[in-house]
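The values are calculated or read from the model by the stated rules, or taken from the named source; none is laboratory data. As the structure is a prediction and not an experimental result, all values here were calculated from the model. When we count neighbours, we look across all protein chains shown, and the Cβ atoms used for this are built from the backbone with ideal geometry, even at glycine.
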Amino acid sequence: MNDILISLVDDQQLFRSGLAGLIRSVEGFALHSEAENGRVFIDQLEAGGTLPDIALIDMHMPEMNGVELNEILQKKYPSIKVLILSVYDQERFIGKMIEAGACGYLTKNCEIEELIMAINTTYKSGFYFNQVTLQAMRKASQYKTGDIKNLNNIAIELTNREKEIVVLLCKELTNAEIAEQLFISSRTVEGHRNNLLLKTGCRNTAGLVIFAIKNGLFSIDL
């Protein structure tokens, strides 16, 4: 198995250096790059070469902050999974970034073990939602018993198989694990997942989880 390539984007040099040391010390992790703000990181990506698997991004940075950087990454580099690592723990920030396509949100005072778990889980399943994130999403969501609606508030229809798959994605199962459970091929699962993204307007698996919660397809146990 290849190492998980991780980029760090944070203007606090001391914090970034400590995080870089941690990344280098964890088996299965590899430091891809460091950048002091979003503009520098985009310049690094545009220079070419292998893309990182995961980017740990701060919210508040000069020149280009985490919000602006995430927006560009979602459009130009959607394969990079964004994990926000910020001092801000307000639910409005968390909800905003998750709905904008981030795969997870951690505060800078989180435990090292949680950060490692978040990186591994995001790499495997496409998202990592801790209790704080789930609580923010729960408060922002309106649970529904009527029509299922996409991100543009337009009613859509999902097949029973699509509903099954989105629930299993919410439970952090990979395509291969879903395929084994439903006795179908991984390619078929990926096809259903792509159809779900098109129907719902979501950018990634994290977005599908939000969609499922808002439409009452998946319940949160806190």
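Does LEU8 qualify as being touching a strand residue (DSSP E or B) at 6+ places or on another chain (Cβ under 9 Å) and part of a strand (DSSP E or B)?
yes
So which residues in the stretch 155-167 are part of a loop (DSSP other than H, G, I, E, B) and surrounded by 15 or more Cβ atoms within 10 Å (Cβ to Cβ)?
Scanning the stretch 155-167 gives a single hit, LEU158.
Keeping to the stretch 6-49, report how many residues are in contact with a Leu (Cβ under 9 Å, 6 or more places away or on another chain) and of a type in the set (Asp, Glu).
2
Enumerate the helices (runs of 4 or more DSSP H) found wholly within the stretch 168-222, keeping only those where 3 or more residues are within 22 Å of LEU151 (Cα to Cα).
By residue number, 186-200, 205-214.
Suppose we filter GLU63, GLU36, GLU68 for residues that are under 18 Å from CYS103 (Cα atoms), among the acidic types (Asp, Glu) and either assigned by TED's automatic domain parsing to the domain that holds MET117 or in contact with a Phe, Trp or Tyr (Cβ under 7 Å, 6 or more places away or on another chain) (or both); which single one remains?
Result of the check over GLU63, GLU36, GLU68: GLU68.
Looking at (1) under 15 Å from the mean Cα position of the chain (by Cα); (2) among the β-branched types (Val, Ile, Thr); (3) in the same structural domain as VAL26 (by TED's automatic domain parsing), which one does ILE112 not meet, given that it meets all the others?
(1)
If a residue has to be over 16 Å from TYR77 (Cα atoms) and without any contact (Cβ under 8 Å) to a residue 12 or more places away in the chain to count, how many in the stretch 27-44 make the cut?
1
So is ALA176 over 21 Å from VAL67 (Cβ atoms), surrounded by fewer than 15 Cβ atoms within 10 Å (Cβ to Cβ) and in contact with an Asp or Glu (Cβ under 6 Å, 6 or more places away or on another chain) or not?
no
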